[in-house]
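A.B. asks: Okay, here's the structure, questions in a sec.
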Amino acid sequence: MARFYFDSGDRDLFFEDEIGVECAGLDEVRRAGFEGLIDLTRESLKSIDGQQLFIEVRDENGDKILRLSLSLQVKLMK
Amino acid sequence: MSPTSSSDVLIRKLQTISEIREADVDVLKGIPIQEKDFSANHDLVREGDRPVYSFVVLDGLVGSTKHTGDGKRQITSFFVAGDIPDLHGLHLSVMDCNISSLTPARIGFIRHDAIRTICNQHPRIATAFWRSTLIDAAIYREWVTNVGRREAYTRMAHILCELIFRLRSVGRIQDHVADLPITQAALGDALGLSTVHVNRMLQELRHKGLIATTGSKVHARDWAGLVHAGDFDTTYLHQRNPGDQH
């Protein structure tokens, strides 16, 4: 098990993870990041065109190893 | 600070929720309780079991848990010192959930026939046990509301308030500092949140000055603020003297 840091945010807000989460390997980091992004989206997604949410993972050395993001497009069709 | 015997732990809890008189205390002191220590994450009783005893939590944190068909765990309630998580087993013969230690725990086992005999002879004690299971049900109702409808930040604050309040009411903590050596993953299973989001919510509460964390200790630095953030109202815990315990 190693500790990984899951920073998250959107365009305006950056949340730096100071505590971290223990994961057994890269697959688990990816799964944890994805589940975290789902929760982040449920809580933080607003009806704003172009809003972007992301989770960025650092390892214990501070190296960035993974970024998951999604963005919302809102277009009026009429 | 800790009560000296296992029956004292039980008596103290029952006194917080019902009127137990001196004569009842003497009866409760005579209940044979078999103590046993468990490490964290041990199933004390499993779904499908037909136990012939109930148990009282003497130390540590215990959770009732259910698993979905695809193996996801939901912790459905926490139990602290003095609680009897499987008292319903006295009347419902087959366990419908697992009850597990979430931290190292000391458990006191009481035979069902011993509880039945006492309840038959001492109606005030029977009433106290009944109240205890009714309050457990009230805690479940609050839990469903918390997990189903509150935002993650409020949800996290709420569960911390509940734990601290319950630990205080049975005299396990004197201030607002609780030792909660449970993992973020277990908190996630209790709150229906991912580990990453649990981690984030704890840090948000910390940044707002509501809690401080050192190791496994959680300190509610601003109790009134945490209560507000957690949408926490103690009514559902049905304490006899709620005013004493803020």
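No lab work stands behind these numbers, since they all come straight from the coordinates. All values reported here derive from a predicted model rather than from experimental measurement. Here the Cβ is made from the backbone with ideal geometry for all residues, glycine too, and neighbour counts use every protein chain on show.
A.B. asks: Given the DSSP H assignment, sum -39500 (n - 2.57) over each helix run of at least 4 residues in chain A and divide by its residue total; what's the result at 222 nm in deg cm²/dmol, nearest 500? If you can, show how the numbers build up before the last one.
C.D. replies: On the way: 1 runs with 19 residues, N = 78.
Rounded to the nearest 500, the figure is -8500 deg cm²/dmol.
A.B. asks: A follow-up question, please. What net charge is computed for the residues neighbouring B:Thr183, neighbours being all others with C-beta under 11 Å from the C-beta of B:Thr183, Lys and Arg scored +1, Asp and Glu -1? Working shown, then result.
C.D. replies: Details: positive: none; negative: A:Glu22, B:Asp189.
Charge balance in the 11 Å sphere: -2.
A.B. asks: Are there GluC sites (Glu not before Pro) in region B:122-174 that DSSP marks as loop and that have at most 15 other Cβ atoms within 10 Å, and which are they? Display every interim value, and only then the final one.
C.D. replies: On the way: sites: B:Glu142, B:Glu151, B:Glu162; in loops: B:Glu151.
Taking region B:122-174 and a limit of 15 other Cβ atoms within 10 Å, the loop GluC sites (Glu not before Pro) found are B:Glu151.
A.B. asks: How many partner chain Cβ atoms sit within 10 Å of a residue's Cβ in peptide B:203-216, on average, as a whole number? Don't skip to the end; give the middle numbers.
C.D. replies: Working: counts 5, 1, 0, 2, 2, 0, 0, 0, 0, 0, 1, 0, 0, 0.
Across the residues of B:203-216, the mean count of other-chain Cβ atoms within 10 Å is 1.
A.B. asks: Would you tell me the mean number of C-beta atoms belonging to other protein chains that fall within 10 Å of each C-beta in A:12-22, as a whole number? Spell out each step's value before the answer.
C.D. replies: Details: counts 0, 0, 0, 4, 1, 4, 4, 7, 3, 10, 4.
Shielding by partners across A:12-22 averages 3.
A.B. asks: Right, something else. Starting from the Cα of A:Lys64, draw a straight line to each of the aspartates and glutamates and keep only those under 18 Å, dropping any in the same chain fewer than 8 residues away.
C.D. replies: A:Asp7, A:Asp10, A:Glu16, A:Asp17, A:Glu18, A:Glu22, A:Asp27, A:Glu28, A:Glu56
A.B. asks: Straight-line reach from A:Lys75: which aspartates and glutamates have a Cα under 18 Å away, not including same-chain ones fewer than 8 places off?
C.D. replies: Straight-line reach from A:Lys75, under 18 Å: A:Asp49.
A.B. asks: Tell me, how many Å apart are the Cα centres for region B:15-58 and for region A:17-78?
C.D. replies: 44
A.B. asks: Could you give the angle, 0 to 90 degrees to the nearest 10, between helix B:123-149's Cα long axis and the longest principal axis of the Cα atoms of chain B?
C.D. replies: 20
A.B. asks: By a straight-distance test (C-alpha under 12 Å), which aspartates and glutamates pair with B:Lys13 as possible cross-link partners, with residues fewer than eight away in the same chain excluded?
C.D. replies: Cross-link targets: B:Asp83.
A.B. asks: Same structure again: For region B:87-97, in order, what is each residue's ³J(HN,Hα) by Karplus, 6.51 cos²θ - 1.76 cosθ + 1.60 with θ = phi - 60°, in whole Hz (x at glycine and Pro)?
C.D. replies: 5, 4, x, 5, 10, 9, 5, 9, 5, 9, 7
A.B. asks: For n ≥ 4 DSSP H runs only, could you compute -39500 (n - 2.57) per run for chain B, divide by its residues and tell me the 222 nm figure to the nearest 500?
C.D. replies: It lands at -13000 deg cm²/dmol.
A.B. asks: Using the reciprocal of the averaged 1/r over all distinct C-alpha pairs, how large is the Kirkwood radius of the protein assembly as shown in Å?
C.D. replies: Details: mean 1/r = 0.0468 Å⁻¹.
Hydrodynamic radius (Kirkwood, Cα pairs) of the protein assembly as shown is 21.4 Å.
A.B. asks: For region A:1-36, run through the GluC sites (Glu not before Pro) and keep only the ones in DSSP coil with at most 13 other Cβ atoms within 10 Å of their Cβ. Could you put the intermediate results ahead of the total?
C.D. replies: Numbers: sites: A:Glu16, A:Glu18, A:Glu22, A:Glu28, A:Glu35; in loops: A:Glu16, A:Glu18.
Answer in residue order: A:Glu16, A:Glu18.
A.B. asks: I'd like the orientation of helix A:26-44 relative to chain A: the angle between its Cα long axis and the longest Cα principal axis, in ° from 0 to 90, rounded to 10.
C.D. replies: Roughly 40 degrees, rounded to the nearest 10.
A.B. asks: Per residue of A:33-43, how many C-beta atoms from partner chains lie within 10 Å of its own C-beta, taken as a mean?
C.D. replies: Working: counts 2, 2, 6, 8, 3, 4, 11, 5, 0, 4, 7.
Neighbouring Cβ atoms belonging to other protein chains average 5 per residue here.
A.B. asks: Using only Cα atoms and rounding to the nearest 10 degrees, what angle (0 to 90) does helix B:152-169 make with the longest principal axis of chain B?
C.D. replies: 40
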